[in-house]
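The structure under discussion appears below in the form of structure tokens.
The values are calculated or read from the model by the stated rules, or taken from the named source; none is laboratory data. This is a predicted model, so every value here is computed, not measured. Please note: Cβ atoms are built from the backbone with ideal geometry, for glycine as well, and neighbour counts cover all protein chains shown. What goes into the accessible areas is simple: the full protein's heavy atoms, side chains included, and nothing from ligands, DNA or RNA. Shrake-Rupley method; radii C 1.70, N 1.55, O 1.52, S 1.80 Å.
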Amino acid sequence: MRIGIDISSITPRRSGIGTYTYELVRRLVSCRRHEYVLLFNSLRQPVPDFPELHAPHVKVRRLRLPGPLLLKAWRRLNRPSVESLVGPVDLFHAPATYLPPQRAGARVVTVHDLHFREPGSDVHSLGGRYLNWIFENRLREADLILTPDLAAVPDLEQLGVRVRVIPEGVDERFYGEPEPEAAARVRAR
């Protein structure tokens, strides 16, 4: 399979979604029987230099478009399509809820939560408006919605799309019991 993934969120100052995306990609590309084409769009940030991005079955497509401009083009013009950005894919995963237009192939989107739908939410106006638009207009086009948020499932299921609840993973460095001295310091603080 040729699998496309939007990795634009894995910038050096990445958020929780960026960490989720990086860890997901890091583990997926270990499956070498698929080809991965990773979309990285940032006007100013360089493509992160992770060893996983240099594997022979991984290609990174670099765009330097202003993020707000790309979101507006997706919303108002319904382009550029996934195919024009990364070529044809069997599946495209949008791990940050931004689901671009796509002509063919399966569409998978991760919706981490629906906080942007709540009145008075503190999301950035452009991002919040775009996410609300995605929810109302584009999520119905997805073949599968992944979410770690059980509370979001009823609203997502109303869209008529298959929804899978998959808890977000925990990095191996957080496994096990903390050292007693470290735990005591945290408790004291």
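In table form, for the structure just shown:
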item	result
In segment 41-85, the residues that are among the hydrophobic types (A, V, I, L, M, F, W, C), in contact with a helix residue (DSSP H, G or I) (Cβ under 9 Å, 6 or more places away or on another chain) and within 24 Å of residue 29 (Cβ to Cβ)	47, 50, 53, 58, 60, 63
Index of the failed condition, residue 10 passing every other in (1) outside any helix (DSSP H, G or I); (2) out of contact with any Ser or Thr (no Cβ under 7 Å at 6 or more places or on another chain); (3) at pLDDT below 95; (4) not aromatic (Phe, Trp, Tyr)	(2)
Test: residue in segment 53-61 that is under 11 Å from residue 7 (Cβ atoms), surrounded by fewer than 15 Cβ atoms within 10 Å (Cβ to Cβ), modelled with pLDDT of 90 or more and not small (Gly, Ala, Ser)	no
From 187, 162, 138, residue being more than 17 Å from the chain's Cα centre (by Cα) and either touching a residue at least 24 places away in the same chain (Cβ under 8 Å) or surrounded by 10 or more Cβ atoms within 10 Å (Cβ to Cβ) (or both)	162
Flag for residue 178 being assigned to a loop (DSSP other than H, G, I, E, B), closer than 24 Å to residue 67 by Cβ and either open to solvent by less than 90 Å² (accessible area, probe 1.4 Å) or modelled with pLDDT under 80 (or both)	no
Total residues in segment 26-52, condition within 18 Å of the chain's Cα centre (by Cα), open to solvent by 40 Å² or more (accessible area, probe 1.4 Å) and small (Gly, Ala, Ser)	0
Odd one out for residue 63 among (1) under 23 Å from residue 168 (Cβ atoms); (2) in contact with a strand residue (DSSP E or B) (Cβ under 6 Å, 6 or more places away or on another chain)	(1)
Residues within segment 78-117 that are outside any loop (DSSP other than H, G, I, E, B) and exposed (fewer than 15 other Cβ atoms within 10 Å of the Cβ), tallied	2
Filtered residues of segment 141-159 (kept if assigned to a loop (DSSP other than H, G, I, E, B) and either open to solvent by less than 30 Å² (accessible area, probe 1.4 Å) or under 23 Å from residue 105 (Cβ atoms) (or both))	142, 143, 159
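Condition check ((1) modelled with pLDDT of 95 or more; (2) more than 28 Å from residue 66 (Cβ to Cβ)) across all residues:
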{"residue": "108", "(1), (2)": "yes, no"}
{"residue": "118", "(1), (2)": "no, no"}
{"residue": "124", "(1), (2)": "no, no"}
{"residue": "130", "(1), (2)": "no, no"}
{"residue": "135", "(1), (2)": "no, no"}
{"residue": "147", "(1), (2)": "yes, yes"}
